[in-house]
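Encoded as structure tokens, the structure appears first; notes follow it.
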Amino acid sequence: MSTTRIKKKLSRIEVEWVDSATFDRWVPRDEKIIREEHQCMTAGYLVHRDKKVIVIAGSIGESGSVCSTMTIPIGCVKRTRRVK
């Protein structure tokens, strides 16, 4: 497999983003239920980016197919960085 050819097709990227959270229990309305943001860092190959989402893949095959994709809404993204 030619990794040089594959790397030219997709850029490697790190995405720092904020995740959503859920709490699955009954709570009184006056109890503090707002929690701190859950900061995340995900790295992979940039598959797609537009005004709504960033899609990254954990793996890329010789044919250019991708695996382990993750779609992150732009509103959750704090910053991105290309990785060499």
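Quick notes on this structure:
- Where Gly64 falls short, out of the listed (1) closer than 16 Å to Arg12 by Cβ; (2) modelled with pLDDT of 95 or more: (2)
- Subset tally (residues that are touching a residue at least 40 places away in the same chain (Cβ under 8 Å) and either part of a strand (DSSP E or B) or charged (D, E, K, R) (or both)) for the range 67-84: 9
- One residue alone among Val55, Val66 is surrounded by 13 or more Cβ atoms within 10 Å (Cβ to Cβ) and over 9 Å from the mean Cα position of the chain (by Cα), and that residue is Val66.
- Lys51 being at pLDDT 85 or above, under 18 Å from Arg81 (Cα atoms) and out of contact with any Phe, Trp or Tyr (no Cβ under 7 Å at 6 or more places or on another chain): yes
- Test: residue in the range 25-40 that is under 10 Å from the mean Cα position of the chain (by Cα) and either assigned to a strand (DSSP E or B) or polar (S, T, N, Q) (or both): yes
- Test: residue in the range 7-23 that is under 9 Å from the mean Cα position of the chain (by Cα) and either surrounded by fewer than 11 Cβ atoms within 10 Å (Cβ to Cβ) or among the hydrophobic types (A, V, I, L, M, F, W, C) (or both): yes
- Subset tally (residues that are part of a loop (DSSP other than H, G, I, E, B) and of a type in the set (Lys, Arg)) for the range 49-66: 2
- Trp17 vs. criteria hydrophobic (A, V, I, L, M, F, W, C), part of a strand (DSSP E or B) and at negative phi: yes
The values are calculated or read from the model by the stated rules, or taken from the named source; none is laboratory data. These numbers were taken from a predicted model, which means no experiment stands behind them. Note that we place each Cβ from the backbone using ideal geometry, even for glycine, and neighbour counts take in every protein chain shown.
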